[in-house]
Amino acid sequence: MDRDEEILLGKRRKRVWIGLVVSVPFLAAMAGGVWFFLDKRREAQNEVIVENVTGAAFGCVASVRGDAPEAWGLERALEHMSRMERVTRDADDPTTREERERFARLAEDAANGCEELGRLMIGAQRDETELYFGVPARLAQPPDQGDPERWFRRVMPKSRAEVLELTRQIRTMAEQINARRTERQLMAQQLPIEGRGPSELARMVELTAPPRDRERVQTEVWPLPDYVFVVRRGSIPAVPCDTRFINRASCFNEFVQTVSWDGEVSELRALTRPERVTYWSAFTPTPDGGLWAVGLDARNRGIVGRYPPGETEPALAPIDAEVNAATNIVAVAGGVAIFPTDGSAWLSEDGALAFARVETTPPPLIVKMGRGGADQGVRFEGLGTLSLFGSEDAGWTSRFSPVEDDGDEVLLRVIDANRRVREVAALRSLRSGKAVALLQRFHESPDAIILSEDFGRTWLADPPSE
């Protein structure tokens, strides 16, 4: 190679190096720009995903809460919906028809509310996004819009342990969503997990215990315009009862007291049962505070008694009806009616002790729960239905369902779990809305009540502590 070629080759190499020196930074800048653009676009897409998941999670959790009030926390709401899922499984039970219809509506709302969250989770799996939201598996599965009720039943917890676990998982999801939002300098969002607003439990007003030597204690309560009337019956011990009396109903003694609508309890007073009365079958108070009773006399004939307001001695009169221990007596509009077990009806009007047989009787002044118990509640035509449902382990909830187009349902937690309330033994109400529920607690006899003056829209609560 001659000198000219060497010089030419050197110049070429120099130009190549100069080109490389100039182009490498340029290419690096271009690559950096492309990477920056792609990273920003990916980050923008992730930010959109985070926002979308936040909104979808809020809608899903809110809809899974069902018809639980905002004042309830998520755990309590899931307990309520878990109970509703259990009691609506029997499609042929006529007593739960309204509850099944309500659950079906809530299932459809929940499927619509969780549809977007399920779709986003499928998209995240498909795109292999690195974002983690901790969505519970129950909520990540897309709802079956063709059969939302079946999907909702799979989502609902089946036990107390499952309620706690699903609540924990949803709290974890909320924490992970806010962690992703914090990473992107987005404002944290709260899912509908914590309760909002006041949530007062009902005050359990304890009734005065009858004397300690009384056994087989029975309790009945009736709401009256001015107070709640209470009758407590207790038998003398079994051994003296069996040795003294042929009919065990004769061993019972009766005690009465009143409870104001503010929860003040009067003293317990013993009623006198005249010697000519063998036993009383049933009682009913009247709005004036008087107490009526029906039973048998010493000759096994029907007898009626009326205790004037505040008195313990009754006025007595015979009745021609076939009376036995299952005969009932009820205060009705304009008087008092007696219903023997033979299907007949006897009516006394204007406070008279004389009863005459009638074909029909006026409606009762006090409405009591039907055969379905407190779960089915008391129903007032044209007004609505008040019911109480729950258990010792799950707590107790009241629901007032007004007639259509007459306001919203009112759902209230009235007694928390593990308060030793085993059963709502009775639920009675006046048409004015004054209602009383008799609670079966840890004693052999129902021994406490809860009170409402507005069909369960509110309940008498414990006074604030000083």
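Just so you know, all these numbers are worked out from the coordinates, no wet-lab data involved. For clarity, every value in this text was computed on a predicted model and none was experimentally measured. So basically every Cβ, Gly included, is an ideal-geometry build from the backbone, and we count neighbours across all protein chains shown.
Here, the stretch 324-366 is characterised by an Rg to Rh ratio of 0.93, where Rg is the alpha-carbon radius of gyration and Rh the Kirkwood radius. Once the Cα-Cα distance is subtracted from the 0.36 nm per residue extended length, the residue 312 to residue 179 segment shows a gain of 40.8 nm. Once the stretch 118-171 is represented by equal point scatterers at the alpha-carbon sites, with solvent omitted, what log10 I(q)/I(0) does the Debye formula produce at q = 0.15 Å⁻¹? Debye curve over Cα of the stretch 118-171, log10 I(q)/I(0) at q = 0.15 Å⁻¹: -0.51.
In the stretch 133-223 the Cα-Cα distances spread across 10 Å bins starting at 0 as 12, 24, 23, 16, 13, 10, 3, 0 percent of all pairs.
Scaled against 2.2 N^0.38 Å for its residue count N, the alpha carbon radius of gyration of the stretch 324-466 is 1.21. Here the stretch 205-366 is treated as a sphere whose radius is the Kirkwood value from Cα pairs; by Stokes-Einstein at 20 °C and 1.002 mPa s it diffuses with a coefficient of 132 µm²/s. In whole percents, the pair-distance distribution calculated for the chain from its alpha-carbon pairs, binned every 10 Å from zero, is 4, 16, 20, 17, 13, 9, 7, 5, 3, 2, 2, 1, 1, 1, 0, 0.
First select every other residue whose beta carbon is under 10 angstrom from the beta carbon of residue 389; then total the charges, Lys and Arg +1, Asp and Glu -1. Please report the intermediate quantities before stating the final value.
Details: positive: 83, 399; negative: 99, 375.
Its environment carries a net charge of 0.
Taking a quarter of the surface of the convex hull around the Cα atoms of the stretch 275-320, what do you get in nm²? Please list the in-between numbers first.
On the way: hull surface 12.4 nm².
Averaged projected area of the stretch 275-320's Cα convex hull equals 3.1 nm².
The ranking of 80, 443 by Cβ neighbour count inside 10 Å, starting from the fewest, reads 443, 80. Its Cα gyration tensor gives the stretch 368-452 an equivalent ellipsoid, and the semi-axes of that ellipsoid, as √(5λ) in whole Å with the largest first, are 23, 14, 10. Spread over its residues, the convex hull of the C-alpha atoms of the stretch 39-183 is 104 Å³ per residue.
Counting Lys and Arg as +1 and Asp and Glu as -1, what is the net charge of the other residues whose Cβ lies under 10 Å from the Cβ of residue 289?
Net charge in that neighbourhood comes out at -3.
Angle between the Cα long axis of helix 74-87 and the longest principal axis of the chain, 0 to 90 degrees, nearest 10? Result, in degrees: 60.
At 222 nm, what value in deg cm²/dmol follows for the chain if DSSP H runs of at least 4 each add -39500 (n - 2.57) and the sum is divided by all its residues, to the nearest 500? Provide the component values of the computation, followed by the final result.
Details: 7 runs with 150 residues, N = 466.
So the calculated ellipticity at 222 nm is -11000 deg cm²/dmol.
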